[in-house]
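The values are calculated or read from the model by the stated rules, or taken from the named source; none is laboratory data. The structure presented is a predicted model; accordingly, all values stated were derived computationally and were not measured. Neighbour counts are summed over all protein chains in view; Cβ atoms, including those assigned to glycine, are modelled from backbone coordinates with ideal geometry.
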2 protein chains.
Amino acid sequence: MNGDQPVAVVALGGNALLRRGEPLTPGAQLRAARAAAGSVAAAAAGRRLVVTHGNGPQVGLLVLMTESYQAGEPWPLDVLDAETEGQLGYIIELELDNAIDDRDTAAIVTRVLVDERDPAFGNPTKFIGPVYGEDEARALAERRGWHMRPDGDRWRRVVASPEPKRVIQLPAIRQLVGAGMMVVCAGGGGVPVVDDGDGGHRGVEAVIDKDLSSCLLAVELEADALALATDVDAVYVDWGTPNQRPVHAVAPDALRALGLPPGSMGPKVEAACRFVEQTGGRAAIGALEQVRELLDGSAGTQVRLDGPEMAIGTTTKEVAP
Amino acid sequence: MNGDQPVAVVALGGNALLRRGEPLTPGAQLRAARAAAGSVAAAAAGRRLVVTHGNGPQVGLLVLMTESYQAGEPWPLDVLDAETEGQLGYIIELELDNAIDDRDTAAIVTRVLVDERDPAFGNPTKFIGPVYGEDEARALAERRGWHMRPDGDRWRRVVASPEPKRVIQLPAIRQLVGAGMMVVCAGGGGVPVVDDGDGGHRGVEAVIDKDLSSCLLAVELEADALALATDVDAVYVDWGTPNQRPVHAVAPDALRALGLPPGSMGPKVEAACRFVEQTGGRAAIGALEQVRELLDGSAGTQVRLDGPEMAIGTTTKEVAP
């Protein structure tokens with residue numbers, strides 16, 4: 001087996017698993033997962049891989065379905081999150097097994113502990129589900145205890161995005177990785193649970209950032225590399241301007257100093273910096289198609305403790321927005 | 001750890017996970033899973049447990065949701081099955097962890113290989129999803145290639161229920177069970193896949209009987225006992241008549257000779273007989289509330305190679321239909 005090879009964690013962005021702007025259909029989902037699995041497979045030689053994934057478009061669709069199905073009561077977000085862990089866990093597991101011959105793959109339904117006193121619960125910021133008019137939004141806030149916020153000229157539900165504290169299935173993940181298996185886990189950042197005050201846990205309606213969960217997992221598994229794969233090929237300075245340039249290599253402090261906005265690259269930058277600072281390993285942010293190069297250090301934004309202040313590309317290139 | 005204790009597989013019926021006739025709401029689901037976990041926990045001392053589960057009501061609801069959500073294309077049954085593995089895997093995993101202190105629990109998204117040449121694919125019998133009028137049913141058969149059959153005076157889709165051939169995640173399940181962990185797996189009988197003719201697998205719209213998958217898993221794990229837990233406390237003779245009597249203990253041949261109908265106890269009887277014949281171990285069919293007693297041999301219908309021709313209770317008792 002390959003139980004003594006170094007471990008790398010590869011986080012597949014929710015948008016990396018579905019082309020931005022493409023409708024979420026079964027066919028589109030399968031094609032995207034197949035492409036992702038092919039890229040992960042190209043990185044499999046000589047390392048053990050743990051694959052995590054986002055679930056934004058997928059859980060969004062389940063929220064729409066449970067809200068639009070009038071005959072029943074809507075299902076809470078923790079359960080819908082778990083459904084996407086099954087759905088995407090299955091599809092990714094299947095495609096990885098098809099793409100990689102020399103190892104077994106298993107997807108684990110992963111709970112992640114968060115702290116009920118996390119300040120995020122007092123200030124929910126993560127939009128979820130359909131848009132509503134103001135009157136309906138206020139009625140839902142009243143009836144269901146939801147937090148609602150304006151999103152443009154409509155309203156949407158917001159939930160907290162608390163810090164991941166502990167990956168509850170870590171012993172199982174470690175056991176399988178130790179045996180040289182490929183593990184798919186922490187989908188959507190993991191299903192959030194809190195202490196129930198009685199020695200156990202209960203589910204909570206929140207969204208854990210999947211890059212931060214992937215970082216926590218990579219640290220706990222003593223991984224030597226963390227790749228955050230998305231639909232952009234690097235972190236950029238002056239992003240969205242004619243002068244945009246990719247950051248090739250950078251130390252954590254300098255990367256943090258860019259102050260990237262929370263909604264876009266922010267969580268990836270934070271996850272990459274934490275991993276590098278806590279382990280001295282390599283983190284990389286870049287294109288889904290380049291998982292091997294991200295892990296080898298030859299593509300994307302490479303974040304390293306001994307990285308330069310900031311090595312920036314000299315040419316502007318066209319990239320998908 | 002408890003890695004040297006004997007292994008038992010406990011199959012929780014879909015109806016055992018939701019009181020018969022009760023609407024499937026998040027609250028009802030959680031309460032049912034908590035009750036099931038409590039019963040499993042009572043059986044945990046001195047053995048390693050693997051828990052499987054049905055998904056009839058749950059996948060039925062997802063089919064209704066995906067069919068009623070007009071904005072999208074309906075999702076195929078294999079993916080919906082996987083969603084219930086995430087959903088129920090999470091809820092059962094959580095409640096087992098809350099009920100049992102001395103071991104870790106993980107739910108594994110499980111694929112099960114079936115044979116595309118299985119005669120079941122030529123004769124689909126398993127009703128799935130909503131009822132339709134005849135015209136609509138014929139249009140759906142045309143448009144989607146579905147098999148439709150009359151169900152009373154309406155029509156419904158039918159899918160094949162092929163034999164499980166191989167539990168693809170067996171190496172991962174074996175690894176975790178070997179380490180003394182509690183594993184939840186093969187939900188809904190497992191997500192059915194077939195050989196894709198190119199060395200890999202692809203999902204297929206079918207339903208694998210979860211008792212037969214549980215039997216296959218129990219044989220492969222060299223379990224010494226298989227408990228099939230449902231909402232009836234035993235196999236009965238003259239079921240549904242004033243003369244109904246529970247079968248307490250029986251040898252496989254005598255149990256098979258009862259010829260129980262496929263829709264009710266049939267698959268449980270077949271799974272119990274196969275396990276006993278292939279391993280010489282103990283199989284039991286009975287009430288969800290009595291998992292410990294089923295495994296100890298003191299409740300339900302006990303099926304054993306050295307069992308009697310048929311030990312039948314002498315009194316008729318009231319049982320839920």
Checklist entry - Among the residues of region A:189-204 satisfying the criterion of being within 11 Å of chain B (Cβ to nearest Cβ) and part of a loop (DSSP other than H, G, I, E, B), which is modelled with the highest pLDDT? => result A:190
Checklist entry - Considering B:82, B:11, B:44, B:16, which residue is in a loop (DSSP other than H, G, I, E, B) and modelled with pLDDT of 95 or more? => result B:44
Checklist entry - Is it the case that some residue within region B:128-146 is in a strand (DSSP E or B) and more than 14 Å from chain A (Cβ to nearest Cβ)? => result yes
Item to check | Of all residues in region A:156-188 being under 30 Å from residue A:140 (Cβ atoms) and in a helix (DSSP H, G or I), the one that is nearest to the other protein chains (Cβ to nearest Cβ) | outcome: A:187
Item to check | Residue check for residue B:46: surrounded by fewer than 21 Cβ atoms within 10 Å (Cβ to Cβ) and closer than 30 Å to residue B:222 by Cα | outcome: yes
Next on the checklist: One residue is enough: does region A:101-119 have a residue meeting the conditions part of a helix (DSSP H, G or I), more than 8 Å from every other protein chain (Cβ to nearest Cβ) and touching a residue at least 60 places away in the same chain (Cβ under 8 Å)?
Outcome noted: no
Next on the checklist: residue A:311 - would you say it is among the small types (Gly, Ala, Ser) and modelled with pLDDT of 95 or more?
Outcome noted: no
Item to check | Residues of region B:121-176 that turn out to be within 19 Å of residue B:214 (Cα to Cα) and in contact (Cβ under 8 Å) with a residue 40 or more places away in the chain, as a count | outcome: 16
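Please enumerate the residues belonging to region B:18-62 that are in contact (Cβ under 8 Å) with a residue 24 or more places away in the chain and among the basic types (Lys, Arg).
Within region B:18-62, B:19, B:20, B:34, B:47, B:48 meet the criteria.
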Checklist entry - Can you tell which of A:41, A:36, A:32 is more than 7 Å from chain B (Cβ to nearest Cβ) and surrounded by fewer than 22 Cβ atoms within 10 Å (Cβ to Cβ)? => result A:41
Item to check | Counted residues, region B:52-89 - those being more than 23 Å from residue B:27 (Cβ to Cβ), among the aliphatic types (A, V, I, L, M), surrounded by 22 or more Cβ atoms within 10 Å (Cβ to Cβ) and more than 7 Å from chain A (Cβ to nearest Cβ) | outcome: 1
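If you check A:49, A:12, A:24, which single one turns out to be out of contact with any Asp or Glu (no Cβ under 6 Å at 6 or more places or on another chain) and at the interface with chain B (Cβ under 9 Å from one of its Cβ atoms)?
Being out of contact with any Asp or Glu (no Cβ under 6 Å at 6 or more places or on another chain) and at the interface with chain B (Cβ under 9 Å from one of its Cβ atoms) holds for just one of A:49, A:12, A:24, which is A:24.
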Next on the checklist: Yes or no: region A:159-179 includes at least one residue that is at pLDDT 95 or above, more than 27 Å from residue A:125 (Cα to Cα) and surrounded by fewer than 19 Cβ atoms within 10 Å (Cβ to Cβ).
Outcome noted: yes
Next on the checklist: If a residue counts only when it is buried (at least 20 other Cβ atoms within 10 Å of the Cβ), small (Gly, Ala, Ser) and without any contact (Cβ under 8 Å) to a residue 60 or more places away in the chain, which strands (runs of 3 or more DSSP E) contained entirely in region B:222-300 have at least 1 such residues?
Outcome noted: B:282-287
